[in-house]
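The values are calculated or read from the model by the stated rules, or taken from the named source; none is laboratory data. Just so it is clear, the structure is predicted and the values come from calculations on it, not from any experiment. Don't worry about glycine lacking a Cβ; one is built from the backbone with ideal geometry, like all the others, and counts go over all protein chains shown.
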Amino acid sequence: MLLSDGLSGDQQQLVRGAYSVAGAEVPLVGGCAGDDLKMRRTHQFHGRQVLEDSVVAAAIASNAPLGIGARHGWIPVGDPVLVTSSAGNRVFTLADRPALDVYLERLGVEEPARSSPAEFTRFAITHPLGIRRRTGEEVRFVGEANFVDRSLGCIANVPQGGLAWFMTGDDDSVLLATDAACADALRSLGDLPPLGFIAFDCIGRRGVLGDQGVRKEIDRISSRSGGAPVAGFYTYGEIARTAGISGFHNQTLVILAIA
């Protein structure tokens, strides 16, 4: 289990590093700390230490199965665009135009989100980017925009030369993903009942659901656990690797089921 700083660079590199040490047979799960969308600094705890720009890892051993499920529930909007210039977590141009301008136009963003950094982040939290990878579709949380160079800042790498599309979601799509993530996690347990769930849930999904929808999501997860305890937190990125070396997600719910 990996608990990291959600603002410290490309989290996929963190997953690759853990994979290189633990090996292919050890699944990885976890999430990134946030700061309630201030996008300034987060903290990690290890014993009596309060850390920043760090990752805390815990090894969990069990004679019984551990199940991991990961689903996001976001829906593509319109046609994909080519990422024509990017570096690491920063997207500079889409289809050879400033990335921020294309994002605002395609999603019909209105004031004050077109000019206010804080309002832009509030909008963007429910409108991530989807990118195509060899392993399938991945989602990228758009954390902030630079209103000078018109670039977008994401929580994880967006590869130059790849296809990206804009995404949105609603209560139904997000809650259906909640059900699917729980079902995927339970499938690995076979006939064994879960002893508990640990949930790593992106704060972007909370932005769609609102307070009432969050209660519905918690009730759904609790019903799937069969009365076993459920714990978790809202994240700036989620980790779920059961195959391959990739395993970092954005705007996703990851469920760890323990038997």
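Just the residues that are under 30 Å from A257 (Cβ atoms) and of a type in the set (A, V, I, L, M, F, W, C), please, taken from the stretch 143-180.
Correct list: C154, I155, A156, M167, V174, L175, L176, A177, A180.
Tell me which residues, restricted to the stretch 37-69, are assigned to a loop (DSSP other than H, G, I, E, B) and either touching a helix residue (DSSP H, G or I) at 6+ places or on another chain (Cβ under 8 Å) or surrounded by 18 or more Cβ atoms within 10 Å (Cβ to Cβ) (or both). Full working, then the answer.
First pass over the stretch 37-69, keeping only residues assigned to a loop (DSSP other than H, G, I, E, B): 37-43, 47-48, 52-54, 58-65.
Residues satisfying the conditions are L37, M39, T42.
Would you confirm whether or not the stretch 86-98 contains a residue that is closer than 30 Å to D172 by Cβ, in contact (Cβ under 8 Å) with a residue 40 or more places away in the chain and in a strand (DSSP E or B)? Break it down stepwise before answering.
In the first step, residues of the stretch 86-98 are kept if they are closer than 30 Å to D172 by Cβ; the result is 91, 94.
Next, only the ones that are in contact (Cβ under 8 Å) with a residue 40 or more places away in the chain stay: 91, 94.
The next check asks that each one be in a strand (DSSP E or B); those that pass are 91, 94.
Within the stretch 86-98, one or more residues are closer than 30 Å to D172 by Cβ, in contact (Cβ under 8 Å) with a residue 40 or more places away in the chain and in a strand (DSSP E or B).
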Set E217, E238: member being buried (at least 21 other Cβ atoms within 10 Å of the Cβ), in contact with a Leu (Cβ under 7 Å, 6 or more places away or on another chain) and not aliphatic (A, V, I, L, M): E217
Within the stretch 32-79, restricting attention to residues that are of a type in the set (V, I, T) and in contact with a His (Cβ under 9 Å, 6 or more places away or on another chain), which residue is farthest from R140 (Cα to Cα)? V50
Is there a residue being in contact with a Phe, Trp or Tyr (Cβ under 8 Å, 6 or more places away or on another chain) and of a type in the set (A, V, I, L, M) anywhere in the stretch 158-171? yes
Has the stretch 94-115 got any residue that is hydroxyl-bearing (S, T, Y) and either within 18 Å of the chain's Cα centre (by Cα) or loosely packed, with under 14 Cβ neighbours inside 10 Å (or both)? yes
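Would you be able to say whether some residue in the stretch 190-199 is over 19 Å from the mean Cα position of the chain (by Cα), small (G, A, S) and surrounded by fewer than 22 Cβ atoms within 10 Å (Cβ to Cβ)? So that I can check it myself, show each step before the final result.
Pass one, the stretch 190-199, residues over 19 Å from the mean Cα position of the chain (by Cα): 190-196.
Of the ones still in play, those that are also small (G, A, S) are 190, 196.
Retained after the next criterion (residues that are surrounded by fewer than 22 Cβ atoms within 10 Å (Cβ to Cβ)): 190, 196.
Yes, the conditions are met somewhere in the stretch 190-199.
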Whichever residue in the stretch 1-21 is exposed (fewer than 15 other Cβ atoms within 10 Å of the Cβ) and modelled with pLDDT of 90 or more and, among such residues, is nearest to Y236 (Cα to Cα): G17
Can you find even one residue in the stretch 197-211 that is at pLDDT 95 or above and in a loop (DSSP other than H, G, I, E, B)? no
Residues R71, R41: which one is under 22 Å from A145 (Cβ atoms) and touching a residue at least 24 places away in the same chain (Cβ under 8 Å)? R41
Conditions first: (1) at positive phi; (2) touching a helix residue (DSSP H, G or I) at 6+ places or on another chain (Cβ under 9 Å); (3) assigned by TED's automatic domain parsing to the domain that holds I68; (4) in contact (Cβ under 8 Å) with a residue 40 or more places away in the chain. G210 passes all but one, so which condition is the exception? (4)
Which of the residues spanning the stretch 129-157 are part of a loop (DSSP other than H, G, I, E, B) and at pLDDT below 90? R134, T135, F141, I155, A156, N157
